[in-house]
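Below is one structure, written out as structure tokens; the observations come after it.
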Number of protein chains: 2
Amino acid sequence: MYSSQYWYLQNHSLFKHLNSSDLNEICYIAAYKTVRKGDIIFFSEENIGRVFTLKKGSLKIVRIDEQGNEIVKDILKVGDLFGSLDLIESNEDEYAIVLSDTATFCSFKAADFEKFIENKPDVAVKYTKWIGFWFKRLENRYSNIMFKDVKTRLMSFLKDIAKDHETDTDGYVSLPNYLTHQDIASLICSTRQTVTSLLNTLKAEGVLTYSRKEIKLKTAALES
Amino acid sequence: MYSSQYWYLQNHSLFKHLNSSDLNEICYIAAYKTVRKGDIIFFSEENIGRVFTLKKGSLKIVRIDEQGNEIVKDILKVGDLFGSLDLIESNEDEYAIVLSDTATFCSFKAADFEKFIENKPDVAVKYTKWIGFWFKRLENRYSNIMFKDVKTRLMSFLKDIAKDHETDTDGYVSLPNYLTHQDIASLICSTRQTVTSLLNTLKAEGVLTYSRKEIKLKTAALES
DNA sequence: ATGCTTTTGTCGGCTAAAAGACCAATTCAG
DNA sequence: CTGAATTGGTCTTTTAGCCGACAAAAGCAT
């Protein structure tokens with residue numbers, strides 16, 4: 001019964017403080033899966049109303065708007081929650097694409113989770129705070145988009161990724177880059193061409209270097 | 001003990017299903033206040049970490065950005081929650097201004113509420129869903145701002161307000177208008193001048209009429 | 001290798017809407 | 001009632017950055 005699933009859940013800050021009988025219970029309602037690069041996780045059908053949490057790898061959340069445009073909504077990394085976070089069933093037009101070579105995630109039905117937190121009110125509060133945190137994050141991202149120009153947005157996007165990476169010896173932070181310029185454009189709400197030329201001006205300014213698989217950002221540029 | 005505070009809380013969908021002993025408890029942690037037009041509610045100092053809910057009137061949430069610009073973030077009406085919704089203490093740079101002649105609101109400390117929902121897990125779930133709803137709302141508003149042009153944004157802003165108002169006999173929905181063009185501009189993320197001239201083109205197109213105190217929107221324009 | 005597809009690079013034209021400037025109309029305070 | 005302050009109206013100028021077009025480079029499959 002002490003399955004390997006345990007340690008992961010326990011590692012997640014949302015569940016960190018639960019004892020093993022709690023874990024037992026949540027494991028009962030949880031399901032695990034490992035998928036490969038390019039695989040798609042739909043939030044419809046059997047996944048409706050599920051909350052996912054990413055154990056390994058990274059993925060991007062994509063939404064199709066009315067005109068059929070692919071909009072990259074978010075890039076997620078280990079520990080992030082996604083899916084029906086709000087415990088509301090919906091998100092018909094959203095799905096996730098795996099960016100890393102493999103990705104492992106866990107999921108449980110929001111409805112089950114609801115039942116679970118009814119007995120564990122402290123988890124409920126934690127969960128609410130977690131959602132609140134995401135709320136803030138979203139708010140920030142959007143206010144950025146509205147009030148900053150594209151160049152600033154691109155920079156804060158890069159800085160944001162850089163936060164999770166060690167700075168190299170040579171004064172650069174190396175960011176693995178699974179994203180095309182098109183993806184980046186979509187994330188910072190701009191166009192492919194603009195991103196390309198901005199990356200080149202930034203290169204010219206000595207702020208960064210980049211190839212297809214990585215972006216090296218000058219650590220000095222992380223200030224301000 | 002059956003104070004007048006009761007009926008208000010009971011009227012709020014979040015607390016509707018609570019019995020009177022629950023209400024007793026939440027009233028214990030709640031505080032009430034009535035304020036006048038133009039009054040400001042700061043979220044700092046003694047209000048830090050408070051959740052507010054509006055009983056009567058309307059108000060606007062304003063934020064001051066780094067450059068000192070006033071940004072109108074939201075317009076709230078009866079029943080809306082505001083303040084430290086996420087149960088996280090913050091929002092230093094935000095405050096609310098009363099728009100209607102008077103406004104009455106209730107507030108409780110997030111920390112107290114936390115304790116309260118620990119005994120009332122069903123409220124916790126409801127609350128989480130409520131937050132989720134706001135999350136969606138925010139998401140929608142911003143995706144509007146990003147992908148629609150100003151005119152469309154203005155129209156959906158008006159339609160959004162119109163939802164809460166009865167259509168008049170003459171085929172118009174009358175919207176009381178406490179907002180200056182500057183405010184509207186700020187809400188839909190545009191400029192005063194653009195809003196003014198757009199309102200006038202819309203008037204020319206016969207979609208609406210407006211004066212300083214009301215905007216009359218043609219009901220036919222509510223479709224699509 | 002060889003071709004096919006996807007991604008990147010660059011350029012100029014184009015447009016929505018911001019920004020500035022000024023005046024008219026309202027509102028408000030004393 | 002009167003003058004100041006706020007709000008609304010309409011110009012004109014300016015600009016960020018979108019868009020289309022096309023070429024070069026890199027990735028990928030056979």
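The values are calculated or read from the model by the stated rules, or taken from the named source; none is laboratory data. Keep in mind the model is a prediction, meaning the values are calculated, not measured. No Cβ is skipped: glycine too gets one built from the backbone with ideal geometry, and neighbour counts run over all protein chains shown. SASA here: full protein model, heavy atoms, side chains in, ligands and nucleic acids out. Shrake-Rupley method; radii C 1.70, N 1.55, O 1.52, S 1.80 Å.
What the table shows:
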item	result
FRET efficiency estimate (nearest 0.05) - Cβ-Cβ, B:Lys163 to B:Glu70, R0 30 angstrom	0.70
Copies compared at A:Tyr32 - label distances in nm, ascending, label defined 7 Å from Cα in the Cβ direction	5.4
Ascending list, in nanometres, of distances separating the B:Asp101 label from those of the other copies (7 Å, Cα toward Cβ)	7.1
Whole-angstrom gap from the stretch A:140-172 to the stretch A:185-224, using each part's C-alpha centre	9 Å
Whether the stretch B:120-224 is rounded, prolate or oblate, judged on the alpha carbon gyration tensor where a/c under 1.5 counts as rounded	prolate
Student exercise, the stretch B:102-224 dipole from Lys, Arg, Asp, Glu Cβ charges, in Debye to nearest 20	260 debye
Cβ-vector label at 7 Å, A:Phe147, separations to other copies in nm	2.5
Cross-link reach list, lysines versus B:Lys203, counting only Cα pairs under 28 Å and skipping chain neighbours closer than eight places	B:Lys60, B:Lys73, B:Lys77, B:Lys148, B:Lys151, B:Lys159, B:Lys163, B:Lys213, B:Lys216, B:Lys218
Area buried, chain A against chain B - accessible surface, total, 1.4 angstrom probe, square angstrom	3100 Å²
Exercise: per-residue mean of other protein chain Cβ atoms within 10 Å, A:119-126	5
Furthest towards positive pole of dipole, B:Trp134, B:Val173, B:Phe157, structure part the stretch B:125-193, Cβ charges	B:Trp134
